[in-house]
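See below for the structure under consideration.
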Amino acid sequence: MKTNLCGQWAQMYLVVALLLMTGTAPAGEEVVRDGVLHITNESSPTGGTEIITFEEVWRVGGEDGEDFFGLVTQVVVGDDGSIFLLDTRLSEVPVYAPDGERLDTLSREGEGPGETRMPTNLVLMPDGNLGLVQRFPGKLTLIDQQGTPKGEVEPKLAEGGFMALFDCFPRADGQLTVVGQSFKQNGTTGRTDINFVSNFSSEGTETVRYTEVVKEMDFSNFYFKEDEQNEITFRKATVGTDGRVYVSKSRNSYEIHVYRPDGKLERIIEREYEHRVRTDEQYQRVYNVAEAQLSRVPGARFDISKTEPDISSLRMAADGNLWVTSSHSGFEEPEGVLVTYDVFDPDGHFIKQVAASCEGDGENDNLFWSPDGSAVLVTGFAEALRSLQSAGAASGDDGEEESEPMEVIYLRPME
């Protein structure tokens, strides 16, 4: 296994080492264009690169482990240190003690109280309950930390139509910031998709719409061009402690839109960036996924991009800063580095990069951070996600060996 790589639903390119840096880069020029403040950062941060080296504390799963995981897509740490995993494929929440003991399994697949189907995110609510985000039909299912059902929130749009949820962020005032998508049929072969980021009340009423991307679909003459797919999906938005909302929606540009709590666009964060070109193997994988997903649309045509989307994920970290992973994260990292993050202060200045050093595969594994600085490494993440997306068609190689069972590895930073 490669030891210099590690992955995320996103990740970022490392500016190699502090020793190679000969000076301090500008903090990010502030300019106003078309009435909007732009923070234009150079390719290198002002504070260089901080390397955090992790050591393994325990692991579960794998070929020799008793626990089996389908696809772990989120990790939440409770106030007492309990570790809650979201297994999207199994629609359940395994719970572990800080020492690795399996404590419980919460929720299950179904439509009853406290149950979901294919939940895509797990959030810790202000009252200590857990929220399971179900993609479709979109809803937030609430349970306490012992698994007792606590109701659900089903966001509703005034214009009606079906709605899917990607992510959900509970706010201190009881509202929810939601990344979602509505679908409205237009005739027999048309559909309007609206991808949005909005605030909803605890009753599910929309109160603020921050931004949206509208797509008109004609399935009688469907043509998918990946390079034109500007959209807000999984882990492409986050919320700051001051209520500001950060959104990445431009596929081929490194920019992040920042909105005030009232919905006004406040600023746009930019960074000099070089697109990452897909290898032939990576291109073929994406091609196979698209082919599998569009197989039900007669006559569908599609063009797959030669490059990856610039930004992979956004996360507001415990330090109050915005951590960004990009298309270069986890790829061609320096020896011993698994994944590197761009770190911006809340106003959008590129202050440093953080490189996580631990064993793993940056192209396939996923690293989740907890508020206390520890982390959970989920192996085989990208492979399992591709399999789920394409019903096993992602590899394009019928003779490929079966992937190794997923492992969950608890890590802590070394002193």
(request) Quick one: VAL123 ticks every box in (1) assigned to a strand (DSSP E or B); (2) closer than 17 Å to ASN195 by Cβ except a single one, so which number is it? (result) (2)
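Name the residue, out of LEU132, LEU157, that is out of contact with any Leu (no Cβ under 9 Å at 6 or more places or on another chain) and either among the β-branched types (Val, Ile, Thr) or within 14 Å of VAL178 (Cα to Cα) (or both). Working first, answer last.
Working: LEU132 fails: out of contact with any Leu (no Cβ under 9 Å at 6 or more places or on another chain).
It is LEU157.
Looking only at residues in the stretch 144-171 that are touching a residue at least 60 places away in the same chain (Cβ under 8 Å) and not basic (Lys, Arg), which one is farthest from THR207 (Cα to Cα)? Give the steps one after another, and end with the answer.
Looking only at the stretch 144-171, we keep the residues that are touching a residue at least 60 places away in the same chain (Cβ under 8 Å), and these are 145, 166-167, 169, 171.
Subsequent filtering for residues that are not basic (Lys, Arg) retains 145, 166-167, 169.
Details: GLN145: 29, PHE166: 18, ASP167: 17, PHE169: 14 Å.
The extreme case among them is GLN145.
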(request) Go through (1) among the charged types (D, E, K, R); (2) farther than 27 Å from GLY373 by Cβ; (3) outside any strand (DSSP E or B); (4) modelled with pLDDT of 95 or more one by one and return the number of the condition ASP99 breaks. (result) (2)
(message) Yes or no: the stretch 233-240 includes at least one residue that is touching a Lys or Arg at 6+ places or on another chain (Cβ under 9 Å), part of a strand (DSSP E or B) and under 15 Å from GLN181 (Cα atoms).
(response) yes
(message) Looking only at the stretch 200-217, filter to residues that are in a strand (DSSP E or B) and in contact (Cβ under 8 Å) with a residue 40 or more places away in the chain; which one of those is surrounded by the most Cβ atoms within 10 Å (Cβ to Cβ)?
(response) TYR210
(request) Could you pull out every one of the strands (runs of 3 or more DSSP E) wholly within the stretch 31-80 that has 1 or more residues that are acidic (Asp, Glu)? (result) 49-61
(request) Give the residue, chosen from SER220, SER253, that is of a type in the set (S, T, N, Q), closer than 23 Å to ARG315 by Cβ and not in a strand (DSSP E or B). (result) SER253
(message) Looking at the stretch 252-286 only, could you name the residues that are among the aromatic types (Phe, Trp, Tyr) and without any contact (Cβ under 8 Å) to a residue 24 or more places away in the chain?
(response) TYR283
(request) Among the residues of the stretch 291-323, write down those that are polar (S, T, N, Q) and either closer than 30 Å to ASP79 by Cα or part of a loop (DSSP other than H, G, I, E, B) (or both). (result) SER295, SER305, SER312, SER313, ASN321
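Taking the stated definitions as given, is THR379 within 22 Å of PRO119 (Cα to Cα) and β-branched (Val, Ile, Thr)? Steps first, please.
Values: within 22 Å of PRO119 (Cα to Cα): yes; β-branched (Val, Ile, Thr): yes.
So THR379 fits the description; yes.
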(request) State yes or no: is LEU90 within 24 Å of the chain's Cα centre (by Cα) and either under 14 Å from GLY147 (Cα atoms) or of a type in the set (A, V, I, L, M, F, W, C) (or both)? (result) yes
(request) Go through (1) surrounded by fewer than 21 Cβ atoms within 10 Å (Cβ to Cβ); (2) in contact with a Pro (Cβ under 7 Å, 6 or more places away or on another chain) one by one and return the number of the condition GLY147 breaks. (result) (2)
(request) Would you mind finding the one in VAL95, VAL76 that is farther than 18 Å from ALA164 by Cβ, out of contact with any Asp or Glu (no Cβ under 6 Å at 6 or more places or on another chain) and either in contact (Cβ under 8 Å) with a residue 40 or more places away in the chain or surrounded by fewer than 22 Cβ atoms within 10 Å (Cβ to Cβ) (or both)? (result) VAL76
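Which members of the stretch 62-78 meet the condition of being of a type outside the set (Phe, Trp, Tyr) and within 23 Å of the chain's Cα centre (by Cα)? Don't jump to the end; show me each part of the working.
Our first condition is that a residue be of a type outside the set (Phe, Trp, Tyr); within the stretch 62-78, this holds for 62-67, 70-78.
GLY70, LEU71, VAL72, THR73, GLN74, VAL75, VAL76, VAL77, GLY78 - these are the residues of the stretch 62-78 that are of a type outside the set (Phe, Trp, Tyr) and within 23 Å of the chain's Cα centre (by Cα).
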(request) Given the conditions (1) surrounded by fewer than 19 Cβ atoms within 10 Å (Cβ to Cβ); (2) out of contact with any Leu (no Cβ under 9 Å at 6 or more places or on another chain), report the number of the one that TRP369 does not fulfil. (result) (1)
(message) Whether any residue in the stretch 269-283 is surrounded by 17 or more Cβ atoms within 10 Å (Cβ to Cβ), at pLDDT 95 or above and of a type in the set (Val, Ile, Thr) is what I want to check.
(response) yes
(request) Please verify whether the stretch 174-181 includes one or more residues that are part of a strand (DSSP E or B) and of a type in the set (Gly, Ala, Ser). (result) yes
(message) Take the residues in the stretch 284-334 that are within 21 Å of ASN41 (Cβ to Cβ) and hydroxyl-bearing (Ser, Thr, Tyr); name whichever of them is surrounded by the most Cβ atoms within 10 Å (Cβ to Cβ).
(response) SER329
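The values are calculated or read from the model by the stated rules, or taken from the named source; none is laboratory data. Just so you know, these numbers come straight off a predicted model, no measurement behind them. Don't worry about glycine lacking a Cβ; one is built from the backbone with ideal geometry, like all the others, and counts go over all protein chains shown.
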